[in-house]
Structures are given as C-alpha cells and as structure tokens.
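Encoded as structure tokens, the structure appears first; notes follow it.
The values are calculated or read from the model by the stated rules, or taken from the named source; none is laboratory data. All of these numbers come straight from a predicted model, not from anything done at the bench. Every residue, glycine among them, receives a Cβ derived from its backbone with ideal geometry; neighbour counts consider all protein chains shown.
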Amino acid sequence: MKNAQSILILFVILFPWLGAIIIVAFRQNKEKGQHWLASAISLLTALAAWLLLFFNNTLIISIPLGGIFGNIEFVSDGLAILLVIIATSIGSLAILFSTSYMKGESQLSRYYSLILLFIGSMTGLVLSSNIFYLFVFWEMTAFCSYALISFYNDDPKAVRGGMKAFIITQLGGIGLLIGIMMIYADINTLSIPEILQSAATLPTLTLQIAGFGFLVAAAAKSAQVPLHTWLPDAMEAPTPISALIHAATMVNAGVYLLVRFYPTFKAVPGWNMTIIIIACLTSLLAAIMASVAFDLKRVLAYSTISQLGYMVYAIGVGGLFSSQFHLLSHAIFKTLLFLSAGAIIHSLGTRDMRLMGGLNKKMPFIRNVFIIGSLSLSGIPFLSGFWSKESVLEHGLEHGPLWAYTIMLITAGLTAYYTIRCVWMVFFGESRSHMQPHKISSMMKTTLTPLALGSLTTWLLAGPLSKFLQSSMPFHHFHTYSFWEPFLSVLTNPYTYLTLAVIVVAIFGFFRVKKMKGLIHEVRGIIGFAEKGLGFDELNKVFVTPTLWLAEGLRYTQTGILNWNIFGILLGLLFLISAVLLGGI
Amino acid sequence: MSFSFLDMIILAVLCLFGIGIYALLTMRNLIRIIVALQLLVKSVILFVILAGNITGQMALAQSMAATVIVADTIVAVLGMALAVQIKRKTHSLDTKDIAGLRR
C-alpha cells in the first residue's frame, strides 16, 4: 500500500518530465501526434494525482543523498495533494484546450514539453518536504513561466514580458534563498517538518529576516504590490498558458509558501500586519486597474492579482482554510474565464474589448460559461466564488482590523463592477467591429464544461476539505467544519448581506456610470493613470532595467574563444580555492 | 644546494602544471590544447601519488590516480573526436576561426 503511494507521488513529478523528453524526442512527428501525446501524458498524471486521494495517511518519502543539502523528501499532506490535484487537472484541461487553440502553430514540441516540465515542477514544489529542493522546483517553475511567456519569440513584446517576469520572480527567489540560508545557519536542517517544529527555538532576528524574505518571495511569485507588474505583461503568453500558469497554479505558489510556513512566522512581530497591508493594497489597486483596462486578458490578469490579494489577506488574518478554499474556487473559475476568453480571442483574433460587443448571439456557449465564471468571480450566490470570498471576509472581520475589512469590502464591489463591465463589453451592446467569429471547436467546449460545473459545485467540498487539511497537517491550525457548517455560518452572518448589497450597488453603479459622461470626463486624469498601471511599472524598472543593462554588458565577455573561457574557469577555481583556504583558517 | 627526491617530484609537478596552464591559455590549435590538458592532468596525477606517499595512503592515491587516468583518457579521446569533426566541418583547428558562439 505504501509502495503504491510512493510510486504515485514520484509518478506525478517524474512522469510529466519524462513526457517532456518524449515529446522533444518525437518532435519530427505529425502535429496530431504531438497533441495526443501531450494530452495522454497530462491526463495520466492527473489520474495519478486523483488516486492519491484514496490514501488517507500522510506519507513521507525520503531519498538519501547525503551532503549538506539533505535528503530529497516528499510529503503527501492535504495542502500538497490539493495543489497537486489542481495543477495536474487544470494542466491537462489546458493541454486539451491547446490541442484546438494551438492547431497549426509551429514548434508545438517546445510548447508541450515546457507545459509538462512545468506541471512536474509544480507538483514537485508542493510535494517537496525539503526546503532546498522546494527552492529548486520554485526556480524551475519560474523558468517554465519565462519560456512560455516568450513562446512567440519573434514578438518583442512577448520576449520583454518573459524577461520581466523572470527578473521580478528572481527577486523573490533571492528573498527565499536568504530566508533558507538564515534558517539553515541556525538549526542546521533543511527539512520542512523539522523547521516547523523548531520554530520556537529560532532567534527573533533569524525569524524576522527569514519571514520577510519569504514574504518577498511570495509577493513576487503571487504578484502582490509592488512586485505585481510582471503578471499583466505575462499575458503575451498563449491563453492556455495564462490560464494554467498565471491564474491557477504558479501564482498560487506564493500563497502556498506563506501557508506552509505560517506556523513558523506567525509570531514574528509585524509579519501578519505587513501581509494584511500588502494584500489590501494589492486587491484594491488591482481591482481599480481592472476597472479601466480594455485588453480582455489584462482585465483577467488584474483580477487574478486582486483575488490573490484576497488569499494573502486571509493568511494575514490567520484564516488558512479560507485562503485555501478561495484558492481552489479561484483556480477553477479563473481557468474557466481565461479559457473562454481564449476561445473568444481565438475566434475573433483580437484581445481588445473595444472591438468586441454583441457576441451574445454569435457565441451562446461561450457566453454561458463566461457568465458562470464571472458570477463566481463577483461573488454572486450560490456559486463557489461567493462561499469562498464570504469565508475570507468573515474571517477577516472577526480576526483582522476593521479598515482592512472595509478595503476588502470595497474591492468586492469593484470586482463586481469590472466583471459586469467586462461581460457587457464583450457580449452585449452593439457589435463594434465587423469581425465574424469562427465556430468554437468541440474540444474547447469539452474542456470548458467541467470547469463550468466546477465553478457551480466546488463549494460543496468546503467541509471535507477543511477536515482533510486539518487531519494531515500537524503543525497548522485549519478551522474544521462539518458539511453544512460553512454555508450556515456564511448565510447567518449579517455581513454577508452587506457584501451582497455592495455588489448589487456596484452592478447598478456600472449602468449608471455609463450615462454619466460628465463624471468620466472629470476623473479622466485618474483613469489615464490607472490605465498606465498606477506608476508601478516605473518602480519595477528599478530592478528590471539594471539587470538587462548588466546582461547586455556581460555579453561582451562571450568572445567564444576557448583560451579566454579556460582563463575564466581558472580564475573561478582560484577564487574557490582561496575561499576554502580563507574559510579554513 | 642539493635536491631531494621529493623536491624533484614537486618541481616536476610544478613544471608540468605551469607548462599545461601556459599552453592552455596561449595555444590556439585544438590538438595542442588537448595535449596541454593532458600535461595538466598528468601533473595532477603525479601530485596525487606524491600526496599519497607523504600521508602514507598509497592505496587510496593509486586508486584515485587510476580513476583519473581513465577519465582523462575518455576526455582526450572525445576531444580528439570533436577536433576531427570540427576540422572536417570548418577546415580549421584554430579556436579563433571556430568560435561560433561569439556574440
């Protein structure tokens, strides 16, 4: 039994990687073969991930390697399994969607092998129980994200977007590495359970540096203010990639990291408050930017940032379960929204919402699923987004400061506003261009249907999920609920109706604002500023520009002449030897 | 001034090492570079044996030396094979001419 479980755990990491190699090896094959090979590999991985649910014990696999990096360890607890299932299932849906979306594209083997490499790295990241290997997987996901954003590498915008994402997430990687080194220097272990266990013995300074280092890492990966600007630019990636990596999985890695190490850092002074401030700023500002954007994918990207803010806020106020519940429902409805946006973009050939409109009659299926996703995103009862968002807000009101709750409440209203704006601009009103949409392929419909059903039903899993998480994670405290309890607690809470009132006001506000041309003219300056990303791009250039400048400069050292390279190697050797000697003395 | 046997071996190691490094850094012919690499590795093998002799762990030193010899032979053979292929393709063994990765 245990063997079967360990094989499954290794399978969900290694099989996608094997698949990535196989796809590259068979790159001469016909296009159809590539599509089917990738789909089969991803579906098998997803199947293996679901099978992991049948084992109700937490297994720790340890592969001894010796040396200072410790053993390669994987642990199959609730948090890891939840994210493995999300990554593999949404991964396979994105690949199935790609079989139709990427039809006729060149270099499909590169595309599919990178997605599979990503799926394997993501499962490795969440299953890893050794913080050093967690870091390795963390960087691998960053690389896959970079390579897939720049997939259309003849488009300078895509290349720039990829580099920006890579540089900013690297900044987070440095924070993570500093945190890891601080912890290792003190307790001499890299094993996550041991770190969680001995958190109380760590000196405050170590905890502070490590805690804020991890926070930088999480903020960069999960696109929190002020390191969020890479995510909207990452929308140059093919849409299934945006759905998989930049909505449902990789951006959740930061949230995962915070939840995983919450017991270690919760007592660090100022840590929780910093998280709450960052999360509130992120969700509010991103929602404002989403309200003025005209690029369909950018609206969804800002919305992702805003919703990630909700998850991080939930962690800040101690609602670990709420954050995971919202992560689950967000992963599903945002993938649904992205993939249906992909179907629209694929059939119209534009991402500009100003050129859409009137698609209501032309694309009834996409309209239906897009509206389901949108309702879930805006928190309309009784879709999954409603329950998870209310659960976050309820926890925030009970355990967090009132001002933070108020900001999140306003954000909930803004969310409803930009969602209805997006739906309206795309599907309703007059058609603003003469583009004739192509027919939606049956494969696209097949992948969108389970996601739509998921957006309608995943809230039913709240109770079982809370028990699953609590029973398998000894160091964390997740609030446990019986099956009906989360729903009763949301429905009987008077503040739920306050949120609903805010949402309704926002939706009505949208229809009123359309008529108030004078008001729009008054705040034109603010709108223009928000359209430009509220100036955060300038802030992030502080990191991105010097890095690119340095890289350009270092290219001159690449003479390609063997003697110089040997000289470089010798210099490096000399440096290492002197470091060892000096350290030894 | 008289040299002991030990001094002479150290001198030989240093000479071989110095010649190897010098040749590696200055030679532009691929075959010469491979020969330089060989010189360098031979000096290291000699040094390993010497170290074994000094610390009294001859068995360990010999087994390490044997390992290095095997690895070094493979490197040399592969290097030569690559040199042959490069010569066939570019009609030159000069590292300046074959620097295809230059920016």
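Across the range A:192-213, what is the total count of residues that are among the hydroxyl-bearing types (Ser, Thr, Tyr) and either buried (at least 20 other Cβ atoms within 10 Å of the Cβ) or not assigned by TED's automatic domain parsing to the domain that holds A:Pro64 (or both)?
Within the range A:192-213, the subset among the hydroxyl-bearing types (Ser, Thr, Tyr) is A:198, A:201, A:204, A:206.
Filter again for either buried (at least 20 other Cβ atoms within 10 Å of the Cβ) or not assigned by TED's automatic domain parsing to the domain that holds A:Pro64 (or both), leaving none.
Looking only at that region, the number is 0.
Take A:Gly172 and tell me if it is surrounded by fewer than 22 Cβ atoms within 10 Å (Cβ to Cβ) and out of contact with any Gly (no Cβ under 7 Å at 6 or more places or on another chain).
Values: surrounded by fewer than 22 Cβ atoms within 10 Å (Cβ to Cβ): no; out of contact with any Gly (no Cβ under 7 Å at 6 or more places or on another chain): yes.
Taking the combined requirement at face value, the residue does not satisfy it.
Out of the residues in the range B:28-39 that are facing chain A (nearest Cβ under 10 Å) and crowded, with 18+ Cβ neighbours inside 10 Å, which is farthest from B:Gly79 (Cα to Cα)?
First, the residues of the range B:28-39 that are facing chain A (nearest Cβ under 10 Å): B:28, B:30, B:33, B:36-37.
After this cut, where a residue has to be crowded, with 18+ Cβ neighbours inside 10 Å as well, the list is B:30, B:33, B:36-37.
Details: B:Leu30: 9, B:Ile33: 9, B:Ala36: 12, B:Leu37: 10 Å.
Looking at the filtered set, the residue picked out is B:Ala36.
Report the residue count in the range B:79-98 for those that are within 14 Å of another protein chain (Cβ to nearest Cβ), not in a strand (DSSP E or B) and not small (Gly, Ala, Ser).
The initial filter retains those residues of the range B:79-98 that are within 14 Å of another protein chain (Cβ to nearest Cβ), namely B:79, B:82-83, B:86, B:90, B:92-98.
With the extra rule that they be not in a strand (DSSP E or B), the set shrinks to B:79, B:82-83, B:86, B:90, B:92-93, B:95-98.
Within this subset, residues satisfying the condition of being not small (Gly, Ala, Ser) are B:82, B:86, B:90, B:93, B:95-98.
Count: 8.
Among the residues that make up the range B:51-58, is at least one of them within 14 Å of chain A (Cβ to nearest Cβ), out of contact with any Gly (no Cβ under 9 Å at 6 or more places or on another chain) and not aromatic (Phe, Trp, Tyr)? Full working, then the answer.
Initial filter on the range B:51-58 (within 14 Å of chain A (Cβ to nearest Cβ)): none.
Looking for residues that are within 14 Å of chain A (Cβ to nearest Cβ), out of contact with any Gly (no Cβ under 9 Å at 6 or more places or on another chain) and not aromatic (Phe, Trp, Tyr), one finds none in the range B:51-58, hence no.
Only one residue in A:Ala301, A:Ala314, A:Ala286, A:Ala290 is assigned by TED's automatic domain parsing to the domain that holds A:Pro232, more than 30 Å from A:Ser347 (Cβ to Cβ) and not aromatic (Phe, Trp, Tyr), so which one is that?
Values: A:Ala301 fails: more than 30 Å from A:Ser347 (Cβ to Cβ); A:Ala286 fails: more than 30 Å from A:Ser347 (Cβ to Cβ); A:Ala290 fails: more than 30 Å from A:Ser347 (Cβ to Cβ).
None of the others qualify; the one that does is A:Ala314.
Only one residue in B:Ala61, B:Ala76, B:Ala66 is out of contact with any Lys or Arg (no Cβ under 9 Å at 6 or more places or on another chain), more than 14 Å from chain A (Cβ to nearest Cβ) and surrounded by fewer than 13 Cβ atoms within 10 Å (Cβ to Cβ), so which one is that?
On the way: B:Ala61 fails: surrounded by fewer than 13 Cβ atoms within 10 Å (Cβ to Cβ); B:Ala76 fails: surrounded by fewer than 13 Cβ atoms within 10 Å (Cβ to Cβ).
Matching residue, one of B:Ala61, B:Ala76, B:Ala66: B:Ala66.
Of the residues in the range A:352-370, how many are buried (at least 18 other Cβ atoms within 10 Å of the Cβ) and either within 27 Å of the chain's Cα centre (by Cα) or under 25 Å from A:Thr411 (Cβ atoms) (or both)?
5
Name the pairs: first residue in the range A:215-241 and without any contact (Cβ under 8 Å) to a residue 60 or more places away in the chain, second residue surrounded by fewer than 24 Cβ atoms within 10 Å (Cβ to Cβ), Cβ to Cβ under 6 Å, at least 6 apart or on different chains?
Every condition considered, the pairs that remain are A:Val216/A:Gly175; A:Ala220/A:Leu171.
Does B:Val13 meet the test of being closer than 18 Å to A:Leu570 by Cα, in contact (Cβ under 8 Å) with a residue 24 or more places away in the chain and away from chain A (no Cβ under 14 Å)? Let's see the steps before the verdict.
Working: closer than 18 Å to A:Leu570 by Cα: yes; in contact (Cβ under 8 Å) with a residue 24 or more places away in the chain: yes; away from chain A (no Cβ under 14 Å): yes.
Judged against the criteria, B:Val13 is a match.
Residue under question is B:Lys42, and the condition is that it be basic (Lys, Arg), without any contact (Cβ under 8 Å) to a residue 60 or more places away in the chain, away from chain A (no Cβ under 11 Å) and within 16 Å of A:Leu562 (Cβ to Cβ); does it hold?
Numbers: basic (Lys, Arg): yes; without any contact (Cβ under 8 Å) to a residue 60 or more places away in the chain: yes; away from chain A (no Cβ under 11 Å): yes; within 16 Å of A:Leu562 (Cβ to Cβ): no.
For B:Lys42, the condition - basic (Lys, Arg), without any contact (Cβ under 8 Å) to a residue 60 or more places away in the chain, away from chain A (no Cβ under 11 Å) and within 16 Å of A:Leu562 (Cβ to Cβ) - is not met.
Please note which helices (runs of 4 or more DSSP H) are completely contained in the range A:478-580 and include at least 2 residues that are free of Cβ contacts under 8 Å to residues at least 40 places away in the same chain and within 14 Å of chain B (Cβ to nearest Cβ).
Helices (runs of 4 or more DSSP H) meeting the threshold: A:536-554.
Within the range B:18-39, identify whether any single residue is touching a strand residue (DSSP E or B) at 6+ places or on another chain (Cβ under 6 Å), at pLDDT below 90 and not β-branched (Val, Ile, Thr), and answer yes or no.
Let us first name the residues in the range B:18-39 that are touching a strand residue (DSSP E or B) at 6+ places or on another chain (Cβ under 6 Å), namely B:28.
From what's left, at pLDDT below 90: B:28.
Subsequent filtering for residues that are not β-branched (Val, Ile, Thr) retains B:28.
Within the range B:18-39 (the criterion being touching a strand residue (DSSP E or B) at 6+ places or on another chain (Cβ under 6 Å), at pLDDT below 90 and not β-branched (Val, Ile, Thr)), the answer is yes, since at least one residue qualifies.
Condition first: polar (S, T, N, Q), closer than 19 Å to A:Thr449 by Cα and in the same structural domain as A:Thr499 (by TED's automatic domain parsing). Can you find one or more residues in the range A:352-367 that meet it? Explain how you work it out, then say what you get.
If we filter the range A:352-367 for residues that are polar (S, T, N, Q), which is where we start, we get A:360.
Filter again for closer than 19 Å to A:Thr449 by Cα, leaving A:360.
When the remaining residues are screened for being in the same structural domain as A:Thr499 (by TED's automatic domain parsing), the result is A:360.
Looking for residues that are polar (S, T, N, Q), closer than 19 Å to A:Thr449 by Cα and in the same structural domain as A:Thr499 (by TED's automatic domain parsing), one finds at least one in the range A:352-367, hence yes.
If you scan the range A:148-169, which residues turn out to be surrounded by fewer than 24 Cβ atoms within 10 Å (Cβ to Cβ) and touching a Gly at 6+ places or on another chain (Cβ under 7 Å)? Before the answer, list the steps.
To start, the set of residues in the range A:148-169 that are surrounded by fewer than 24 Cβ atoms within 10 Å (Cβ to Cβ) comprises A:150-161, A:163, A:166-167.
The one that is surrounded by fewer than 24 Cβ atoms within 10 Å (Cβ to Cβ) and touching a Gly at 6+ places or on another chain (Cβ under 7 Å): A:Ser150.
Looking at A:Leu117, A:Leu53, which one is in a helix (DSSP H, G or I), under 23 Å from A:Val255 (Cβ atoms) and modelled with pLDDT under 90?
Numbers: A:Leu117 fails: modelled with pLDDT under 90.
Result: A:Leu53 is the single residue among A:Leu117, A:Leu53 that is in a helix (DSSP H, G or I), under 23 Å from A:Val255 (Cβ atoms) and modelled with pLDDT under 90.
Which of the residues belonging to the range B:16-27 are away from every other protein chain (no Cβ under 12 Å) and surrounded by 14 or more Cβ atoms within 10 Å (Cβ to Cβ)? Talk me through it step by step, then tell me what you get.
Step one: of the range B:16-27, the residues away from every other protein chain (no Cβ under 12 Å) are B:16, B:18-19.
Within the range B:16-27, B:Leu16, B:Ile19 meet the criteria.
Is there a residue in the range B:46-63 that is β-branched (Val, Ile, Thr), assigned to a helix (DSSP H, G or I) and more than 16 Å from the chain's Cα centre (by Cα)?
From the range B:46-63, those β-branched (Val, Ile, Thr) are B:48-49, B:54-55; that's our starting set.
This time we only want the ones that are assigned to a helix (DSSP H, G or I), so: B:48-49, B:54-55.
Retained after the next criterion (residues that are more than 16 Å from the chain's Cα centre (by Cα)): B:54-55.
Yes, some residue in the range B:46-63 is β-branched (Val, Ile, Thr), assigned to a helix (DSSP H, G or I) and more than 16 Å from the chain's Cα centre (by Cα).
Determine which single condition A:Ser6 fails, assuming it passes every other condition in (1) under 30 Å from A:Ile180 (Cβ atoms); (2) at pLDDT 90 or above; (3) surrounded by fewer than 21 Cβ atoms within 10 Å (Cβ to Cβ).
The failed condition is (2).
Out of all the residues in the range A:44-55, is one or more more than 18 Å from A:Met122 (Cβ to Cβ) and of a type outside the set (A, V, I, L, M, F, W, C)?
No, every residue in the range A:44-55 fails to be more than 18 Å from A:Met122 (Cβ to Cβ) and of a type outside the set (A, V, I, L, M, F, W, C).
Take the range A:189-233 and flag every residue that is in a helix (DSSP H, G or I) and of a type outside the set (A, V, I, L, M, F, W, C). Even if it seems obvious, please write down each step before you answer.
Of all residues in the range A:189-233, those in a helix (DSSP H, G or I) come to A:192-197, A:199-201, A:204-221, A:230-233.
Within the range A:189-233, A:Pro193, A:Glu194, A:Gln197, A:Thr201, A:Thr204, A:Thr206, A:Gln208, A:Gly211, A:Gly213, A:Lys221, A:Pro232, A:Asp233 meet the criteria.
List the number of the failed condition for A:Ile72; all other conditions in (1) among the hydrophobic types (A, V, I, L, M, F, W, C); (2) under 25 Å from A:Thr446 (Cα atoms); (3) buried (at least 17 other Cβ atoms within 10 Å of the Cβ) hold.
Going through (1) among the hydrophobic types (A, V, I, L, M, F, W, C); (2) under 25 Å from A:Thr446 (Cα atoms); (3) buried (at least 17 other Cβ atoms within 10 Å of the Cβ) one by one, A:Ile72 breaks only (2).
Please work out if A:Val505 is surrounded by 12 or more Cβ atoms within 10 Å (Cβ to Cβ), at pLDDT below 80, more than 26 Å from the chain's Cα centre (by Cα) and assigned by TED's automatic domain parsing to the domain that holds A:Pro381. Walk me through it before giving the result.
Numbers: surrounded by 12 or more Cβ atoms within 10 Å (Cβ to Cβ): yes; at pLDDT below 80: no; more than 26 Å from the chain's Cα centre (by Cα): yes; assigned by TED's automatic domain parsing to the domain that holds A:Pro381: yes.
When the stated conditions are applied, A:Val505 does not pass them.
Would it be correct to say that A:Ser431 is assigned by TED's automatic domain parsing to the domain that holds A:Ser323, surrounded by 24 or more Cβ atoms within 10 Å (Cβ to Cβ) and in contact (Cβ under 8 Å) with a residue 12 or more places away in the chain?
Numbers: assigned by TED's automatic domain parsing to the domain that holds A:Ser323: yes; surrounded by 24 or more Cβ atoms within 10 Å (Cβ to Cβ): no; in contact (Cβ under 8 Å) with a residue 12 or more places away in the chain: yes.
Against the criterion (assigned by TED's automatic domain parsing to the domain that holds A:Ser323, surrounded by 24 or more Cβ atoms within 10 Å (Cβ to Cβ) and in contact (Cβ under 8 Å) with a residue 12 or more places away in the chain), A:Ser431 does not qualify.
Sort through A:Thr274, A:Thr282 and tell me the only one that's in a helix (DSSP H, G or I), surrounded by 21 or more Cβ atoms within 10 Å (Cβ to Cβ), at negative phi and among the β-branched types (Val, Ile, Thr).
Values: A:Thr274 fails: surrounded by 21 or more Cβ atoms within 10 Å (Cβ to Cβ).
Within the list A:Thr274, A:Thr282, the selection yields A:Thr282.
Is there any pair linking a residue in the range A:94-117 that is assigned by TED's automatic domain parsing to the domain that holds A:Ile21 to one that is charged (D, E, K, R) and modelled with pLDDT under 85, with Cβ under 6 Å and at least six apart or on different chains, and which?
A:Ser109/A:Arg27
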